[in-house]
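Asker: Please read through the structure below; I'll follow up with questions.
Just so you know, all these numbers are worked out from the coordinates, no wet-lab data involved. This structure is a prediction, so every number in the text was calculated from the model and none was measured. Here the Cβ positions follow ideal geometry from the backbone for every residue, glycine too, while neighbour counts run over all protein chains shown.
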Amino acid sequence: MLYKRNGIFYNEFVRNWISDADLTGEIRKKVRMLTGNLSAQALNAVEMAEPEIGGNGMRESWKRLVEEEKKEIRDALLVTRRELKSFVKWLFLAFAAGLLVGAVGSLFSLCLTWATNTRKEHEWILYLLPLAGILIVFIYQKAEMLRDGGTNTVLDKIRHDGDVPFRMMPLIFIATVLTHLCGGSAGREGAALQIGGSMGNFIGKKLRLDDSDKKVLIMCGMSAAFAALFGTPMAAVFFALEVATVGIMYYSALFPCAIASLTGYYFSTAVADISPERLHITEIPSMGIDTGFSVILIAAACAFAGTFFCWLLHKTGELYQYLFHNAYIRIAVAGLLLIVLTLLEGSGDYNGAGMDVIERAFEGEVVPWAFLLKMIFTALTLGAGYRGGEIVPSFFIGATLGAWLGSLLGLPASISAGVGLAALFCGVTNCPISTLFICFELFQYEGVPFFLLAIAVSYLLSGYSGLYQKQKMVYSKYHHFLNPRKKDNH
């Protein structure tokens with residue numbers, strides 16, 4: 001063992017000799033020559049000192065020290081070998097998972113693009129929405145997945161032992177495409193998380209990995225699917241690490257998730273030729289007290305809007321089940337209701353994911369009630385049993401609300417829409433790091449201080465609500481190192 005004194009490292013038994021009053025000044029100097037040096041030159045110095053300190057005692061002590069240090073080196077090499085083995089293992093596993101999930105995620109993205117384009121070209125397909133809902137209930141019932149928790153099931157299996165059913169992958173794939181094709185209001189990334197999580201678990205199960213390794217592969221699958229579908233590989237990595245447990249980041253999965261995410265991303269862009277989503281910030285004002293205050297107001301409004309959106313999603317589902325016990329009747333009634341609302345609204349902007357509306361919001365084309373209508377359409381769709389994600393609807397709500405508020409506060413449309421998008425997404429997912437990376441990638445690193453401020457405000461003000469009921473809050477947002485569900489006894 002070594003310790004440091006006056007900037008010099010000493011071995012423990014040398015320290016005792018240096019402090020011994022019997023040693024002469026000359027011997028002290030020679031002993032100091034040996035500190036921290038186990039080379040042959042050091043042993044020669046010991047031989048020079050031996051006559052002055054009485055025989056071979058010092059040399060024997062140094063031999064013992066050499067053996068101890070050699071043992072420590074051997075132990076370090078064993079650790080290095082174990083780390084290298086883990087590196088190679090996860091390099092191949094994560095690459096394989098990223099490749100497979102990236103391929104399926106790319107196919108999923110292409111199918112959703114086809115569904116959206118087909119619906120816009122043939123508006124009569126909207127009238128098939130109730131029939132599509134009945135088909136969705138039928139296939140889930142036949143697969144014994146009618147009470148499937150969706151993304152909540154995936155998040156639960158990251159924290160607890162157990163398997164994500166592989167049949168979740170084809171079910172959510174088909175059901176989400178049907179929902180988008182016929183005009184349901186839903187996103188896609190939430191569905192991608194289910195596809196990736198179920199495939200990652202399946203790979204781990206087939207390779208007979210233990211539960212901890214399967215959990216890492218679940219996160220790898222989530223990262224790969226998210227990156228392949230949305231084109232944000234950095235955000236995909238940290239979202240998988242961050243979303244299951246607020247306050248804890250699963251850094252042990254950082255390397256595998258990074259490999260899987262990048263593999264899925266490059267498969268979708270290079271092989272499937274899918275263009276990643278990008279939004280453009282056209283005008284960035286200088287950050288000052290007035291603009292900073294405006295950003296805080298927009299972020300606060302989006303935090304509260306996100307809390308309301310989460311409440312609306314959960315309560316709408318409960319209300320559907322209270323009014324209609326039969327799942328077939330429930331989803332058919334919801335389909336008819338969405339048809340009526342679409343006809344009354346007239347534009348069709350609130351069907352599907354709504355990326356075109358988001359792009360228009362960044363250009364300043366927004367109506368004041370757009371965010372509220374998207375909340376209603378999405379809650380009616382997902383609450384009834386139609387399938388899809390909640391992330392792009394969250395982008396829609398945040399961007400339109402932010403752009404409208406920005407017009408009232410005198411901020412440019414693109415920066416205020418971006419601030420709203422970031423704030424609302426952070427508020428509903430409780431994932432500030434992932435949100436910041438999404439801003440990096442979506443906006444090409446433009447306006448970062450605005451987004452950082454908005455994310456911080458929204459994370460604090462959004463409370464403990466969220467899209468995912470199985471997301472666990474480990475630490476309080478308002479107190480250091482305090483579990484919000486436990487009394488502080490410190």
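Asker: Label points 7 Å out from Cα along the Cβ direction at Lys315 and His280: separation in nm?
Answerer: According to this spin-label approximation, the distance is 4.1 nm.
Asker: Right, here's the next one. In terms of the Cα gyration tensor, with a ≥ b ≥ c the square roots of its eigenvalues, is the stretch 256-364 rounded because a/c is under 1.5, prolate because a/b exceeds b/c, or oblate?
Answerer: oblate
Asker: Additional query: Run through the stretch 338-376 and list the GluC sites (Glu not before Pro) located in a DSSP loop whose Cβ has at most 11 other Cβ atoms within 10 Å.
Answerer: Taking the stretch 338-376 and a limit of 11 other Cβ atoms within 10 Å, no loop GluC sites (Glu not before Pro) are found.
Asker: Another question about this same structure. How many nm separate the modelled label positions at Glu83 and Ile329, each set 7 Å beyond the Cα in the direction of the Cβ?
Answerer: 6.4
Asker: Just in the stretch 123-215: which trypsin sites (Lys or Arg not before Pro) are loop by DSSP and have at most 14 other Cβ atoms within 10 Å?
Answerer: Within the stretch 123-215, the qualifying trypsin sites (Lys or Arg not before Pro) (loop, at most 14 other Cβ atoms within 10 Å) are Arg147, Arg208.
Asker: Something else now. For the pair Thr118 and Ile134, how long in nm is the line joining their label points, each one 7 Å along Cα→Cβ?
Answerer: Using points 7 Å along Cα→Cβ, the separation is 1.9 nm.
Asker: Distances over 14 Å make up what percent of all Cα-Cα pairs in the stretch 120-183?
Answerer: Here the tail beyond 14 Å accounts for 61 percent of pairs.
Asker: For the stretch 394-465, what class follows from the C-alpha gyration tensor (a ≥ b ≥ c being the square roots of its eigenvalues): rounded when a/c is under 1.5, otherwise prolate if a/b is larger than b/c, else oblate?
Answerer: Oblate shape, in that a/c is at least 1.5 and b/c is the bigger or equal ratio.
Asker: Further, regarding this structure: Give me the one-decimal Kirkwood hydrodynamic radius in Å for the stretch 97-241, with the sum taken over alpha-carbon pairs.
Answerer: 15.4
Asker: Here's another thing I want to ask about it. Please compute the Cα-Cα pair-distance distribution of the stretch 289-473 with 10 Å bins starting at 0, giving whole percents from short to long.
Answerer: For the stretch 289-473, the pair-distance distribution reads 10, 38, 33, 15, 3, 0.
Asker: Give, in nm to one decimal, the length gained when the segment between His160 and Ile289 is fully stretched (0.36 nm per residue of separation minus the Cα-Cα distance).
Answerer: Here the segment from His160 to Ile289 would lengthen by 41.8 nm.
Asker: While we're on this one: If the viscosity is 0.692 mPa s and the temperature 37 °C, what translational diffusion coefficient in µm²/s does Stokes-Einstein give for the stretch 261-317 when Rh comes from Kirkwood over Cα pairs?
Answerer: Rounded, D is 213 µm²/s.
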